[in-house]
Structure formats: C-alpha cells, structure tokens
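Student: Mind looking over this structure? Questions follow.
The values are calculated or read from the model by the stated rules, or taken from the named source; none is laboratory data. Keep in mind that this is a model prediction, so the values were computed, not measured. Here the Cβ positions follow ideal geometry from the backbone for every residue, glycine too, while neighbour counts run over all protein chains shown. In case anyone asks, the SASA skips ligands and DNA or RNA and just uses the protein heavy atoms, side chains included. Shrake-Rupley method; radii C 1.70, N 1.55, O 1.52, S 1.80 Å.
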Amino acid sequence: MMWMRPGRTRQYLLLGLVVLMLAGCASERAYREGQELAREGRAEEALERFEDASRRDADSAQYRIAVLQTREALVSAALAAGRKALDEERYDDARAAFQRAMTWQPGSPRAQEGLNAIAAAQRHAKWLSSAQQSLDRKEDKEAENWVRMVLAEDPQHRKARALLQGLEEAGQQKKTGAALLAEAYRKPITIEFKDTPLKSVFEVISRTSGLNFLFDKDVRSDQKTSIFLKNSTIEAAVNLTLLTNQLEQRVLDANTVLIYPNTQAKQKDYQSLTVKAYYLGNAEAKVVASTLKTILKSRDVVVDEKLNLLILRDTPEAIRMASRLVAMHDVAESEVMLEVEILEVKRTRLLDLGIRWPEQISLSPLAASTGALSVADLRGLNSETLGATIGPATINAKKVDSDTNILANPRIRVRNREKAKILIGERVPNITSTSTATGFVAESVNYVDVGLKLDVEPTISIEGEVAIKIALEVSSVTNQIQTKSGSLAYQIGTRTAQTILRLKDGENQVLAGLINSEDRQTGNKVPGLGDAPVLGRLFGQQRDDASKTEIVLSITPRILRNLTRPGTSNMEFESGTESSLSGFSWGSPDGGAKSAAAGGGATTEGVAKTVNGAATAASQSSGDASGVQAPTTLTWQGPDKVKVGDVFSVQLTMQSGQPLTSLPLAVGFDARSMQVVSVVEGDFLKQGGAQTSFSSRVDPSGQIVLTVARSGDAGVSGSGVVATVNLRATAAAGDARVQLLTVAPVAQGGKAVSAALPSPLVIGVGP
C-alpha cells in the first residue's frame with residue numbers, strides 16, 4: 001500500500017478545491033450570459049449557454065430549469081409560427097418551423113402532428129383543385145367525389161364544405177328516382193278539362209309524356225276533376241291534379257307512376273319506409289330525438305344514450321329532412337383559449353431617520369450603609385447620595401425602497417357557456433370549537449381559499465366575438481386572531497372585481513385600478529427643538545412608511561373552434577304540408593325531379609352512402625353517368641426520425657371513391673437499417689363489419705408481400721388504413737426508406753383500378 005505524505009495530500013485537496021471553484025465560476029458565468037441573451041431576445045444562443053452551464057454543473061436544478069424553460073419557449077414559438085404559416089397556406093415555411101421544433105424537442109408529437117397536417121393540407125388542396133377543374137368542365141359528379149374525399153379526412157374543411165354547399169344549392173345532388181322522371185316531367189303541356197273523369201286526364205298526360213300511370217283499386221273511376229293549364233309542364237299538371245283530388249303518387253320505375261288515395265291506410269300500404277342510424281358526436285341524442293318528434297311528427301325514434309345513437313324509421317322524405325336537422329344539431333361546440341395575465345405591483349417606501357433621545361430620567365436615593373434610609377438622609381441628598389437612570393439614545397438612519405411584481409400567466413381552454421376557475425394561492429385552515437352541555441369540546445376545520453381567484457364564463461357568438469363574465473378576487477391573510485377558547489382565526493383582506501366584457505377574437509383588454517394605498521407617518525421628538533425645519537432631525541426621530549399595491553388583469557380570447565353558419569338551403573327548406581312531407585315545389589332547381597322523387601322510385605344511378613362516418617359517392621358499375629372514375633390514392637404515415645433500438649410503426653392509408661374488393665401489394669424497406677417485427681391488417685376493407693382474408697410474407701432482404709381480400713361481392717370505398725408495419729431500427733442511416741413497390745386494387749366484378757404509387761417514407765435512423 002502506498003502512503004502519501006500529509007503535505008502532498010493537502011496540495012491535492014487544495015488543487016481539487018481550486019478546480020471546483022473555477023468550474024463553478026464558469027457555470028455561473030455561462031448562466032448569467034444566458035440570462036442576458038434571453039433578455040435581448042436571442043433565445044437560441046441563450047439555450048446554448050444554459051446547456052453549457054448545466055453540463056458544467058449537472059447537479060444544479062436552477063440550470064436544468066432554465067434549459068427546460070428556454071427550450072419549451074423555442075418549441076412553442078416554432079409551433080405557433082408553423083400553425084400560422086399552415087393557416088396562410090405557406091407550406092414550406094410551416095414545414096421549416098415544425099422541423100425546427102423537432103430539432104429542439106426530438107420526437108415532439110405536436111411537431112409531428114403539424115408535419116402530418118401539412119401533408120394533408122397539400123393533399124386536400126390538390127383534390128380541391130381537381131374538383132374545381134371538374135366543375136369548369138361541367139362534370140359535377142366528379143367534382144362532388146373529389147370534395148367528399150376531402151371531407152372524409154377533414155369534415156371541418158372550410159373550402160370543401162363551402163364547395164359542397166354550392167353544389168347542393170345548385171341542385172346537383174339529386175335523388176335517383178328524381179333523375180329518372182326529370183326529363184319527362186319537364187316536357188311542356190297545355191291542358192284544359194272541365195268536370196272530366198280523372199282517368200281521362202291522366203290518359204292525355206300519358207300520351208304527351210310517355211309515362212305509364214297505374215291506379216289503386218280505391219281510386220274512384222267516376223271521380224271528375226277540372227284543370228286549366230297553359231304553357232305549363234307535365235310536373236305541374238300531375239302535381240296539381242293529385243293535390244286537388246287528395247291523391248298521392250309513388251314512382252315504380254323509370255316510366256311508371258302509381259296513383260293512390262292520400263289516406264293514412266294507403267300511406268301505410270304504399271309509402272316505403274327507411275331506417276337511418278345517426279351516431280352523434282356532439283349533440284345529445286335525446287335532444288335531437290325531441291326535435292325530430294316535434295318537427296317531423298316521427299313516432300319510430302329510438303335513443304341509445306350509452307352510444308349517443310339515434311335510430312329513425314320513417315319515409316324517405318322524413319329521413320332527408322331528419323338528416324338536415326341532425327346536421328344542424330350535431331356540430332362541435334365552440335371553444336376559446338383565454339390568455340390571462342395577472343400582475344400585482346407593490347411599491348414600498350420607508351424612511352426612518354433621526355435621533356431618538358431618552359424619553360425620561362429616573363432619580364433614586366442611594367441606600368445608607370446601614371441598609372435603611374431615614375428622613376435625615378433625604379435632607380442630605382447630593383450627587384454622591386442620589387442615583388440617576390437615563391434611557392439609551394438611538395440613532396436611526398434607515399431607508400427601504402422596494403418594487404415587487406407578482407405575475408400569474410395562466411392559459412385556460414373553455415367551452416362555450418362553461419365556467420372555468422383558477423386559484424393561485426393556498427387554503428388556510430380555520431378551526432372552530434364547539435362545546436356541548438356535557439362539557440365535551442369538539443373542533444372542526446374549515447378551509448378558506450386565500451390568494452388569487454379568477455372565475456370566467458365565455459359566451460362565443462357565431463360572428464367571432466366573445467362575451468366573458470369575469471369575477472376576480474385577490475385576498476391575503478392580514479392578521480391572526482385567537483379566541484377566548486384558544487381557537488385560531490384569520491383576518492382576511494380582499495379585493496374583488498366583477499364585470500362582463502365583449503371582445504373580438506385576439507382583442508386584448510386590461511383591467512386595472514384595484515389599488516390599495518397606505519401612507520403612515522410617525523415621529524418621536526424633543527418638544528420644541530424637534531419641530532425645527534432641518535435641525536429637527538437632530539432632536540427627534542421621523543418614520544415615513546408608504547406602500548401602494550395595484551392589481552392589473554389582462555385577458556385575450558382566442559377562438560379555437562367556432563360554429564359555421566349553415567347555408568340558406570340548410571336554414572330554410574320546404575317541409576311539405578301538414579298532412580304530407582312530400583310537398584310540391586314548382587320552380588325548384590331540380591325541376592320535376594323533386595316531385596318525382598317523393599314517391600321513392602327505383603335506384604339506377606349513384607347514391608350517397610356513408611361508411612364509418614366518411615361520406616363517399618359510390619356509383620353503380622364503373623362510375624357516374626359521365627364515365628369518370630373516382631380517384632384512388634395511397635399515403636404513407638410514420639415518424640421522420642428514430643433511434644437505433646426503437647420499435648416504430650408506419651401505416652399505409654388509402655382513399656378510394658370506388659368500391660374495392662381486394663388489394664394485393666408489395667412493400668420495400670431498407671434491410672440494412674431496419675427489420676420487420678410484425679405486419680397488422682388495417683380497417684379499410686373491414687368497413688361495415690365484413691369478413692376479410694389477410695396474408696403477409698416478409699423477405700428479410702427488404703420486401704413484404706401483402707394480400708387483403710373482402711368476402712362477398714360488395715366492395716367498400718372511403719378511407720382507412722390498409723396495413724400497419726411495425727419495424728425495429730437496427731443500424732444508423734441517414735435516409736432509410738419504406739416505399740410501396742407495386743399495388744393492384746381490384747373493384748367489383750374483378751375490374752382493375754389504377755392507383756399511383758405514393759412518395760417513399762424517408763426515416764432518419766440516428767445512433
């Protein structure tokens with residue numbers, strides 16, 4: 001064993017102490033430099049200095065907190081800039097901002113969501129451009145398919161909703177039975193009959209229009225009618241004849257209409273009923289059910305409160321109106337972010353200056369040597385026999401000048417007409433003693449909130465303004481009071497303010513004026529001499545104590561989600577007559593289509609279907625009347641960066657406007673830097689609860705072969721995940737890729753569907 005000399009040991013200890021001191025000085029210097037850079041607004045440089053200080057002194061919590069706070073501020077600023085650029089459709093700037101956030105906070109889910117939102121926004125912009133081009137070519141069905149693809153991924157997309165609303169208001173969404181008879185119903189006719197048998201009138205209409213009319217057995221053969229129409233249409237002639245004779249119609253096929261009496265019994269026999277289920281995401285099912293029962297007089301309404309599900313069984317006309325009513329109810333509630341800053345400014349000024357002279361002199365005779373004081377001793381009092389006691393003289397020279405700012409900066413997100421509360425402070429216990437007749441004493445503790453309390457209740461208008469009901473209370477414990485029984489109570493000073501503001505989105509309002517001002521002056525002076533203007537300080541003490549406290553509240557509302565005012569067609573539409581919802585609407589954009597559809601005829605062209613909440617246009621056979629195929633697109637979703645050893649997932653999503661039955665494909669991956677853990681089937685072909693067959697084969701050299709098939713002949717359209725591939729990063733690589741090598745979608749009837757290969761997913765694998 002080697003022993004060190006005591007002198008050498010002291011040298012090493014001293015050297016180590018010097019090194020520690022130098023390291024501490026360096027870390028403190030780096031921290032101060034970071035603070036100075038942060039005050040100058042140079043946050044990135046400040047973060048580097050804080051990180052340097054934290055590396056030098058890893059045990060300092062102060063340095064770690066500075067690093068975290070600065071990094072979070074940089075990330076928040078980058079995310080805000082990215083969201084602003086995304087809203088303004090500056091996609092390159094938005095992508096750069098989100099990537100900056102990823103550099104400061106690797107794997108940030110908020111930044112990844114932003115990057116995914118950019119990809120979705122670009123994809124939606126491309127689809128909307130294709131929709132506009134289709135509209136320019138007068139291909140409304142194709143344009144509707146493109147718009148519905150956008151709404152399938154983002155139901156709140158403003159431009160897509162506005163475009164779809166324009167299509168609806170232009171009368172482009174026609175029910176199938178309406179389109180069948182529209183051409184025949186638009187034919188012109190001039191007809192004049194007086195007290196003519198009803199069937200003779202329909203015979204003339206039949207010869208003119210080429211339509212076939214069948215009559216129920218209860219339609220009287222001797223029933224007569226009068227009708228005089230000039231330069232009118234077949235639609236008007238049929239509708240007016242039925243209306244004036246209490247009859248109703250039902251479309252049977254492309255050129256056949258059934259006429260029957262408009263009675264409750266016949267309605268039950270001939271009127272087709274439809275069952276519609278509504279899964280509500282925002283409105284309460286029982287509230288919507290009450291609306292449907294009141295407006296549509298629907299009786300067959302079932303409410304499942306657990307699933308928030310509404311099931312309706314009624315006529316096609318009632319179902320269409322119910323869908324509009326449900327759409328008006330089932331909207332997301334408005335939300336607002338309230339940015340609140342609460343500042344308590346306290347100023348204290350204290351000046352205590354002067355000399356405090358003794359206030360009294362105590363004289364006392366000294367005791368005699370015998371220990372007893374006699375009258376003779378009192379007669380002989382002098383400086384040797386008389387004692388004097390004088391209090392101390394104190395020189396005061398004190399000045400206190402302080403400014404204190406106490407800031408709270410909460411940000412709270414509140415739904416429309418909901419209350420939110422903020423308490424920044426503490427709960428002070430108040431103990432209460434209770435005595436019974438038997439002498440038993442019980443104590444109970446009640447807690448009182450002391451500090452800063454803020455209650456807000458916003459009301460968001462559809463015009464983008466926010467009315468905020470505010471209640472602010474600032475309290476503090478000013479004194480402690482002890483009762484006779486020994487219980488302790490607190491005296492609490494409080495300041496409150498209540499008001500209602502109405503602000504625009506992003507408008508700031510400052511509330512100030514909650515001021516508490518105290519000014520106290522106390523003095524201790526020698527009478528007469530202490531009142532001298534300047535020299536009085538030498539003959540007395542003066543204490544000036546002034547304090548002023550002010551509460552300042554700044555509030556800024558930022559609307560995160562607001563209601564969109566529905567179009568005119570959804571706010572006001574025809575609802576038929578009191579006895580029948582299938583009212584007549586002459587002069588509508590659909591011409592005779594609307595009236596013809598009232599009977600509910602056969603379906604031969606595309607109808608709108610909803611699959612898993614995504615509305616898509618599913619056309620029969622190979623597309624719509626123009627023969628245009630709906631687009632089919634695939635997209636990769638996954639992380640941009642991973643580390644060696646991480647297990648991560650990538651998803652292949654698909655959007656198709658055509659019903660697909662099977663989907664064979666091949667996926668390539670970089671076998672040098674990643675390996676496949678598992679392959680999981682997605683939900684795209686499983687829509688509607690259908691059975692599917694799924695097989696996958698992984699080639700370790702870097703290829704995956706997948707086959708997904710749907711049982712039965714019915715295909716499925718819409719959007720969803722085709723497959724999820726779980727991978728493990730095995731080696732560092734700068735540009736590892738996952739890409740689709742080939743895909744061959746198959747539609748109904750075995751028809752091949754063309755689909756473009758998506759861009760490869762590039763993943764950076766770091767050490």
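Student: For 346, 230, 266, 504, write out the residues from largest to smallest accessible area, computed with a 1.4 angstrom probe and no ligands counted. Please report the intermediate quantities before stating the final value.
Tutor: Values: 346 95, 230 145, 266 25, 504 120 Å².
The ordering from most to least exposed comes out as 230, 504, 346, 266.
Student: Compute the FRET efficiency between residue 683 and residue 726 as 1/(1 + (r/R0)^6), taking r as their Cβ-Cβ distance and R0 = 22 Å, and round to the nearest 0.05. Please list the in-between numbers first.
Tutor: Values: r = 16 Å, r/R0 = 0.74.
After rounding to 0.05, the efficiency reads 0.85.
Student: Right, next: Starting from the coordinates of the alpha-carbon atoms of the range 220-350, obtain the Kirkwood hydrodynamic radius over all distinct pairs and give the value in Å to one decimal.
Tutor: Working: mean 1/r = 0.0513 Å⁻¹.
With all distinct Cα pairs of the range 220-350 included, I get 19.5 Å.
Student: Can you give me the distance in nm between label points at residue 277 and residue 243, each placed 7 Å from the Cα along the Cα-to-Cβ direction?
Tutor: For the pair residue 277/residue 243, the computed spacing is 3.9 nm.
Student: Just how far, in whole angstrom, is the range 252-277 from the range 101-165 if you go by their alpha carbon centroids?
Tutor: Centre-to-centre distance over Cα atoms comes out at 41 Å.
Student: Could you order 141, 421, 84 by accessible surface area, starting with the largest, using a probe radius of 1.4 Å? All intermediate terms of the calculation are to be shown ahead of the outcome.
Tutor: On the way: 141 70, 421 160, 84 120 Å².
Correct descending sequence by accessible area is 421, 84, 141.
Student: I've got another one for you. Using a 7 Å offset from Cα along Cα-Cβ at residue 154, what residues in the range 98-120 end up with backbone N under 15 Å from the label point?
Tutor: Of the residues in the range 98-120, 113-120 have backbone N under 15 Å from the label point off residue 154.
Student: Next up: What full-extension length gain, to one decimal in nm, is calculated for residue 751 and residue 59 as 0.36 nm per residue of separation minus the Cα-Cα distance?
Tutor: Details: separation 692, 0.36 × 692 = 249.12 nm, distance 6.79 nm.
Net length gain for the segment: 242.3 nm.
Student: At a probe radius of 1.4 Å, what is the per-residue accessible area of residue 45, in Å² to the nearest 10?
Tutor: Approximately 80 Å² of residue 45 is accessible to the 1.4 Å probe.
Student: Now, a different point. Need one value: the accessible area of residue 40 in square angstrom, 1.4 angstrom probe, rounded to the nearest 10.
Tutor: Approximately 100 Å² for this residue.
Student: Within the range 216-251, list the residues whose amide N lies under 14 Å from a label point set 7 Å along Cα→Cβ of residue 208.
Tutor: Taking a point 7 Å out along Cα→Cβ of residue 208, the residues of the range 216-251 whose backbone N falls under 14 Å are 226-242.
Student: Residue 736's amide H: which non-local residues (gap 5+, or another chain) put their own amide H closer than 5 Å, with H modeled 1.01 Å from N in plane and none for Pro or chain starts?
Tutor: Amide H to amide H, under 5 Å and 5 or more residues apart or across chains, residue 736 pairs with 763, 765.
Student: If ligands, DNA and RNA are left out, what is the accessible area of residue 163 with a 1.4 Å probe, given in Å² to the nearest 10?
Tutor: Result for residue 163: roughly 40 Å² accessible.
Student: Something else: At residue 195 and residue 346, where each label point lies 7 Å from the Cα along Cα→Cβ, what is the point-to-point distance in nanometres?
Tutor: 10.2 nm
Student: Under a 1.4 angstrom probe, counting protein chains only, how are 476, 435 ranked by accessible area, largest first?
Tutor: Values: 476 60, 435 85 Å².
Reading off the accessible areas and sorting them downward yields 435, 476.
Student: So which of 187/268; 346/453; 276/306; 641/686 end up more than 21 Å apart by C-alpha?
Tutor: Numbers: 187/268 32 Å; 346/453 18 Å; 276/306 18 Å; 641/686 31 Å.
Beyond 21 Å: 187/268; 641/686.
Student: Compute the length gained on full extension between residue 739 and residue 293: take 0.36 nm times their separation in residues and subtract their Cα-Cα distance, giving the result in nm to one decimal. The partial results should precede the final answer.
Tutor: Working: separation 446, 0.36 × 446 = 160.56 nm, distance 5.30 nm.
Full extension of this stretch gives 155.3 nm more.
Student: Additional query: Exceeding 21 Å between C-alpha atoms, which entries from my cross-link table qualify? They are 286/469; 266/297; 419/504.
Tutor: Working: 286/469 30 Å; 266/297 18 Å; 419/504 19 Å.
The pairs that break the limit, which is 21 Å between Cα atoms, are 286/469.
Student: Estimate the FRET efficiency between residue 690 and residue 482 by the formula 1/(1 + (r/R0)^6), using the beta-carbon distance for r and 60 Å for R0, to the nearest 0.05. Please report the intermediate quantities before stating the final value.
Tutor: On the way: r = 77 Å, r/R0 = 1.28.
So the FRET efficiency works out to roughly 0.20.
Student: For residue 199, go through the aspartates and glutamates and keep the ones whose alpha-carbon is under 12 Å away, minus same-chain ones fewer than eight residues off.
Tutor: Qualifying aspartates and glutamates at Cα under 12 Å: 216, 222.
Student: Please compute the length gained on full extension between residue 216 and residue 333, using 0.36 nm multiplied by the number of residues separating them and subtracting their Cα-Cα distance.
Tutor: On the way: separation 117, 0.36 × 117 = 42.12 nm, distance 5.00 nm.
So the chain would gain 37.1 nm between residue 216 and residue 333.
Student: Let me ask something else. Rounding to the nearest 20 debye, state how big the charge dipole of the range 44-88 is about its Cα centre with +1 on each Lys and Arg Cβ and -1 on each Asp and Glu Cβ.
Tutor: Details: 7 positive and 10 negative charges, 22 e Å.
Using only the charged Cβ atoms, the result is roughly 100 debye.
Student: Right, something else. Could you check the spin-label model distance between residue 91 and residue 232? Points 7 Å from the Cα along Cα→Cβ, value in nm.
Tutor: Those two pseudo-labels are separated by 5.5 nm.
Student: Using modelled backbone amide H atoms (1.01 Å from N, in-plane), which distant-in-sequence or interchain residues come within less than 5 Å of residue 219's amide H?
Tutor: none
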